[in-house]
1. Just checking, does segment 20-41 include any residue being assigned to a helix (DSSP H, G or I) and at pLDDT below 95?
2. Can you tell me which residue in segment 42-66 is surrounded by the fewest Cβ atoms within 10 Å (Cβ to Cβ), limited to those that are in a loop (DSSP other than H, G, I, E, B) and without any contact (Cβ under 8 Å) to a residue 40 or more places away in the chain?
Amino acid sequence: MPEGILNMMDGIQSAWETKKPERMDSSRATKDECWYEEIWADEDLEIALENAGAAVTDENVEIMKRECLHIFDDKFERNEMLADKARSIFCV
């Protein structure tokens, strides 16, 4: 993976680490409930722009919002990450 993308991902991860939910409810979530939620802020996009070497401007943040709105809709990779974690925890 190109270094710029890795740096961007590191920046997003470190920004996210500071904004984790204070607690996660340990009760079982139903199919209509959420057991985990991410919160993204303008700061995350600013960090991504900075790490990519792009100008950090209000206009560029708005462009990023528009272009990134649905990038997480496809859960295939996230579901694979969950399965990998389950395999590593339960040695299957």
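1. no
2. Across segment 42-66, the extreme among qualifying residues is Ala55.
The values are calculated or read from the model by the stated rules, or taken from the named source; none is laboratory data. Everything numeric here is computed off the predicted structure, so don't read it as measured data. A quick note on method: Cβ atoms are made from the backbone with ideal geometry, for glycine too, and the neighbour counts reach across all protein chains shown.
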